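What follows is a short report on a single structure.
The values are calculated or read from the model by the stated rules, or taken from the named source; none is laboratory data. All figures in this text were calculated on a predicted structure; none of them were measured in a lab. Here Cβ is always computed from backbone atoms with ideal geometry, including for glycine, and neighbour counts include all displayed protein chains. Keep in mind that these areas ignore ligands, DNA and RNA; they rest on the heavy atoms of the full protein, side chains included. Shrake-Rupley method; radii C 1.70, N 1.55, O 1.52, S 1.80 Å.
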Amino acid sequence: KAGVTQTPRYLIKTRGQQVTLSCSPISGHRSVSWYQQTPGQGLQFLFEYFSETQRNKGNFPGRFSGRQFSNSRSEMNVSTLELGDSALYLCASSLEGTGGYTFGSGTRLTVV
Amino acid sequence: GENVEQHPSTLSVQEGDSAVIKCTYSDSASNYFPWYKQELGKRPQLIIDIRSNVGEKKDQRIAVTLNKTAKHFSLHITETQPEDSAVYFCAAMNTGNQFYFGTGTSLTVIP
C-alpha cells in the first residue's frame, strides 16, 4: 500500500510570505502529526490531528497552524515566514494515534 | 511536559561489535517508546517499539529494554553492519499522545 506522501518536496519562500504543506496519510490511518526537523533542535512536535480535530499541539507560535480533511489528508500552514522557519517538515500517520507512526519523506522549506 | 534525553550523540563501532544507545524520560505516565532510524536524506523509519507493560522486546539483531522505575530505555544493536550507520532517534509518547524525541545518535559502523 502507498506510504505517507508529502508535497511539495522542496519549497523556497521569502520572509513574510506564507506557505501550505500537504500530507496524505496511509490509507485508513486517521491520525496525522507534524514535526519540524532542524540540525540544532532535532525533531520537534508541532501538532496532531485525529478525525479532523486537533488533538495535541506542541510549543510553536500561532503562525503555525494546520487542519485535517474528512479523507484524513492534512495541511500545515505557516504564515509570516521567518528565516528560522527553514527546516525539514515531516508528517507521520498512524491508525489510531497510539503508536506505529510512519513518516513521509518531508518537505524541505527554505526561507530567504 | 515530557523531556527525553539521548546519549551518546555520536557513536562509532567496529563492524560486528554491539552498539547501545540510551534514553531517559521524565514523565512517568509515558507509555510508548519507539526507536527510529534515519539515513542521510531519508525519512525516519520505525525500527522497533515497546510499550510500558513490557520490559524487553527483540527483533533479530535489534532489541529494546525498558526500565520504568528508572525511566530509561535503551536500543541494542548486535553484530553491527555498515548499513546500520545512520542517525537513531528515541521517542516517548505520553498519555496525551504527544511524542517527544531525543536529540539523536549518529552511529557509524566502521568496516
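See the values below:
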| item | result |
| --- | --- |
| Scope region A:72-101; condition at pLDDT 95 or above, part of a loop (DSSP other than H, G, I, E, B) and closer than 21 Å to B:GLN38 by Cβ; matching residues | A:SER86 |
| Hits in region B:1-21 (condition: of a type in the set (D, E, K, R), within 14 Å of another protein chain (Cβ to nearest Cβ) and open to solvent by 20 Å² or more (accessible area, probe 1.4 Å)) | B:GLU5 |
| Strands (runs of 3 or more DSSP E) contained in region B:3-111 and holding at least 3 residues among the β-branched types (Val, Ile, Thr) and within 13 Å of the chain's Cα centre (by Cα) | B:19-25, B:45-51, B:62-67 |
| Top-ranked residue of region B:90-111 - restricted to ones that are open to solvent by 10 Å² or more (accessible area, probe 1.4 Å) and within 11 Å of chain A (Cβ to nearest Cβ), ranked as nearest to B:GLN6 (Cα to Cα) | B:THR103 |
| Region A:50-71, residues that are part of a strand (DSSP E or B) and within 11 Å of chain B (Cβ to nearest Cβ) | A:PHE50, A:ARG55, A:ASN56, A:LYS57 |
| Residue that is under 23 Å from B:CYS90 (Cβ atoms) and without any contact (Cβ under 8 Å) to a residue 12 or more places away in the chain, where the choices are A:GLY97, A:GLY42, A:GLY3, A:GLY106 | A:GLY42 |
| Failed item, numbered, when A:ILE26 is tested on (1) under 15 Å from the mean Cα position of the chain (by Cα); (2) assigned to a strand (DSSP E or B); (3) of a type in the set (Val, Ile, Thr) | (2) |
| Tally, over region A:73-112, of residues that are away from every other protein chain (no Cβ under 14 Å) and crowded, with 23+ Cβ neighbours inside 10 Å | 3 |
| Hey, A:THR20 open to solvent by 10 Å² or more (accessible area, probe 1.4 Å), out of contact with any Gly (no Cβ under 9 Å at 6 or more places or on another chain), free of Cβ contacts under 8 Å to residues at least 60 places away in the same chain and among the hydroxyl-bearing types (Ser, Thr, Tyr) or not | yes |
| Of all residues in region A:12-30 being within 13 Å of chain B (Cβ to nearest Cβ) and in contact with a Lys or Arg (Cβ under 8 Å, 6 or more places away or on another chain), the one that is nearest to A:LEU109 (Cα to Cα) | A:CYS23 |
| In region B:32-51, residue surrounded by the most Cβ atoms within 10 Å (Cβ to Cβ) [restricted to those that are more than 9 Å from chain A (Cβ to nearest Cβ) and touching a Lys or Arg at 6+ places or on another chain (Cβ under 6 Å)] | B:ILE50 |
| Among (1) in contact with a Gly (Cβ under 9 Å, 6 or more places away or on another chain); (2) without any contact (Cβ under 8 Å) to a residue 12 or more places away in the chain, the one test that B:GLU56 misses | (1) |
